[in-house]
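Asks: Encoded as structure tokens, here's the structure I'll be asking about.
The values are calculated or read from the model by the stated rules, or taken from the named source; none is laboratory data. Values in this document were obtained by computation on a predicted structure and should not be read as measured data. Note that each Cβ is placed from the backbone with ideal geometry, even for glycine, and that neighbours are counted across all protein chains shown.
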Amino acid sequence: MEGHLSIQLTVNGRAVAGEVEPRTLLAHYLRDALGLTGTHVGCDTSQCGACTVLIDGLPVKSCTVLAVQADGSAITTVEGLASGGHAHAVQRAFQERHGLQCGFCTPGVLMLSSWFIQQYPTADDRQIREALDGIICRCTGYENIVQSIARAQEIQRENQAPLAGEAREGVSS
Ligand code: FES
Ligand code: FES
């Protein structure tokens, strides 16, 4: 199409090619062209963080990025967090600790948290609160969000702990 630009991305492990207007925001491309409406747009002015996705493994507010700027990148949205039919540690933790109320900010919080617990697996409450600085939860349920991220750290450690048999093998070898 005239005035459109071609882009190629990998989105949630799937190769995607499309034509976009130069002004199209990544958040809108994900939602409108790819139907990945789990990425929420709460403000469009880079304040709220509801639109956070991972671009090449890093959390980015997708309303601050043009789709053409993401050309060639690997994007993970909230739809791509679970794998093999298993919920991600942050999804399990938010369910266990009631880390959401209306759920509008939750996709962005989950994506940020999935990166955060990888980078800072032993972060304390203060560090978790600092990490949430770019996220606005209009329900103001931050207490449970912080507890959920701390719980996600635990789940991640449990998932990474060697099974009893493997541990014994390690000791004897
Ligand atoms: S919609 Fe992107 S920061 Fe609010
Ligand atoms: S749970 Fe409602 S905006 Fe965060």
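Asks: Only one of 159, 144 is within 29 Å of residue 61 (Cβ to Cβ) and at pLDDT 95 or above. Can you tell me which? Talk me through it step by step, then tell me what you get.
Replies: Details: 159 fails: at pLDDT 95 or above.
Only one candidate qualifies: 144.
Asks: Now for a separate question. Would you check which residues across the range 25-63 are away from ligand 1 (no atom under 14 Å from the Cβ) and either assigned to a loop (DSSP other than H, G, I, E, B) or under 26 Å from residue 117 (Cα atoms) (or both) and list them?
Replies: 34, 35, 36, 54, 56, 57, 58, listed by residue number.
Asks: Sticking with this structure for a sec: Out of the residues in the range 119-136 that are touching a residue at least 24 places away in the same chain (Cβ under 8 Å) and within 15 Å of ligand 1 (Cβ to nearest atom), state the one that is farthest from residue 59 (Cα to Cα).
Replies: Within the range 119-136, the subset touching a residue at least 24 places away in the same chain (Cβ under 8 Å) is 121-123, 125, 134-136.
Keeping just the survivors that are within 15 Å of ligand 1 (Cβ to nearest atom) gives 134-136.
On the way: 134: 11, 135: 12, 136: 15 Å.
Residue satisfying both the conditions and the ranking: 136.
Asks: Kindly evaluate residue 90 against the criterion of being in a helix (DSSP H, G or I), under 17 Å from residue 151 (Cα atoms) and touching a Cys at 6+ places or on another chain (Cβ under 9 Å).
Replies: On the way: in a helix (DSSP H, G or I): yes; under 17 Å from residue 151 (Cα atoms): yes; touching a Cys at 6+ places or on another chain (Cβ under 9 Å): no.
In short, no.
Asks: Check whether at least one residue in the range 96-105 is surrounded by 13 or more Cβ atoms within 10 Å (Cβ to Cβ), in a helix (DSSP H, G or I), touching a Leu at 6+ places or on another chain (Cβ under 8 Å) and modelled with pLDDT of 95 or more, and report yes or no.
Replies: No, that holds for no residue.
Asks: Restricting attention to the range 5-27, which residues are on the phi > 0 side of the Ramachandran plot and either touching an Asp or Glu at 6+ places or on another chain (Cβ under 7 Å) or free of Cβ contacts under 8 Å to residues at least 12 places away in the same chain (or both)?
Replies: To start, the set of residues in the range 5-27 that are on the phi > 0 side of the Ramachandran plot comprises 12-13.
Within the range 5-27, 12 is the sole residue that qualifies.
Asks: Can you work out which of the residues in the range 64-75 that are within 16 Å of ligand 1 (Cβ to nearest atom) and of a type outside the set (A, V, I, L, M, F, W, C) is farthest from residue 114 (Cα to Cα)? Full working, then the answer.
Replies: Keep residues of the range 64-75 that are within 16 Å of ligand 1 (Cβ to nearest atom), which gives 64-67, 69-70, 75.
Then keep just the ones that are of a type outside the set (A, V, I, L, M, F, W, C); that gives 64, 69.
Details: 64: 20, 69: 23 Å.
Here the residue is 69.
Asks: Considering the range 64-85 alone, what residues qualify as being outside any loop (DSSP other than H, G, I, E, B) and either within 16 Å of ligand 2 (Cβ to nearest atom) or among the aliphatic types (A, V, I, L, M) (or both)? Lay out the reasoning, then the answer.
Replies: Taking the range 64-85 and keeping what is outside any loop (DSSP other than H, G, I, E, B), we get 64, 66-70, 74-76, 78-80, 83.
Within the range 64-85, 66, 67, 68, 70, 74, 75, 78 meet the criteria.
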